[in-house]
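The structure appears below as structure tokens.
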Amino acid sequence: GAVVSQHPSWVICKSGTSVKIECRSLDFQATTMFWYRQFPKQSLMLMATSNEGSKATYEQGVEKDKFLINHASLTLSTLTVTSAHPEDSSFYICSARVLSLLDRAGNTIYFGEGSWLTVV
Amino acid sequence: DAKTTQPPSMDCAEGRAANLPCNHSTISGNEYVYWYRQIHSQGPQYIIHGLKNNETNEMASLIITEDRKSSTLILPHATLRDTAVYYCIVRVADTDKLIFGTGTRLQVFP
């Protein structure tokens with residue numbers, strides 16, 4: 001299947017600093033990518049929709065100024081956690097759909113391997 | 001909110017079929033049912049998806065009831081490596097949004 005890659009796989013940062021996580025579609029183009037967050041023993045929570053060449057759309061309750069999303073190309077979206085605090089420590093996961101002329105409803109959505117963020 | 005409900009956990013003997021149920025009684029006519037699984041500390045892995053017909057691939061089979069209000073994921077010969085959390089998801093119509101529920105934790109035992 002199609003591959004979505006995230007980098008870094010894990011990162012430790014100091015409280016108050018910012019950290020960037022990359023999400024790449026390796027063998028396909030993606031006009032839309034999604035960012036999720038998952039706390040231990042919980043399900044994935046959708047944070048935002050990343051749109052290539054335009055502003056991201058954030059889910060209710062997600063601070064757009066804290067979680068900056070940039071989707072500058074058809075193969076790369078980045079999530080920057082600004083002024084990170086320990087409560088931002090979590091597993092961050094992205095997903096993407098293969099860009100196709102086929103009916104969107106039938107396409108498969110792939111997930112990255114995830115990025116562990118620990119804020120100390 | 002997720003539009004699906006699943007049992008929190010299930011057990012299955014290795015080599016036997018694992019049948020994972022999912023209820024999605026409020027599904028709309030153009031909404032697909034997707035199944036993913038997540039092994040600890042990894043991103044979700046795509047398994048299968050369908051609209052109204054039953055589907056089969058190399059990993060599993062998906063049986064969708066005629067009224068589309070429920071479905072069952074079947075792993076025909078479960079192995080220990082199939083131990084994971086399985087998520088049944090109704091994709092939001094006209095979008096690629098997948099809203100995750102709590103999933104079913106499948107434990108395959110020897």
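What follows draws every value from the coordinates through simple rules; no lab data is involved. Every value quoted in this text rests on a predicted model; they were computed, and no experiment measured them. Here Cβ is always computed from backbone atoms with ideal geometry, including for glycine, and neighbour counts include all displayed protein chains.
Is there a simple number for the mean count of other chain Cβ atoms within 10 Å of the Cβ of residues in A:30-43, and what is it? Walk me through the numbers before you get to the answer.
Values: counts 1, 1, 3, 1, 4, 0, 4, 0, 5, 0, 1, 1, 2, 9.
Mean number of neighbouring Cβ atoms from other chains: 2.
Other residues whose C-beta falls under 15 angstrom from the C-beta of B:ALA84 contribute a net charge of 0, scoring Lys and Arg +1 and Asp and Glu -1. Taking every Cα-Cα distance in chain A and sorting them into 5 Å bins starting at zero, the pair-distance distribution P(r) comes out as 2, 12, 22, 25, 20, 11, 5, 2, 1, 0 percent.
Lysine pair count for the protein assembly as shown (Cα-Cα distance under 12 Å; residues 8 or more apart in sequence or on different chains): 4.
By DSSP, the beta bridges lying fully in chain B are antiparallel in about 85 percent of cases.
Lacking any other cysteine beta-carbon closer than 4.7 Å, the following Cys residues of chain A have no compatible partner: A:CYS13.
Cysteines of chain B lacking any other cysteine Cβ under 4.7 Å from their own Cβ: B:CYS12. On alpha carbon coordinates alone, what is the Rg over Rh value for chain B, Rh being the Kirkwood radius? The Rg/Rh ratio comes out at 0.95.
Separation of region A:1-77 and region B:26-77, taken as the distance between their Cα centroids, equals 25 angstrom. For region B:39-51, backbone phi angles converted through the Karplus equation (6.51, -1.76, 1.60; θ = phi - 60°) give residue-by-residue couplings of 8, 2, 6, 10, x, x, 9, 5, 10, 6, 8, x, 9 Hz, Gly and Pro being listed as x.
Projected onto its three principal axes, the C-alpha set of the protein assembly as shown covers 50, 42, 31 Å, listed from the longest axis down.
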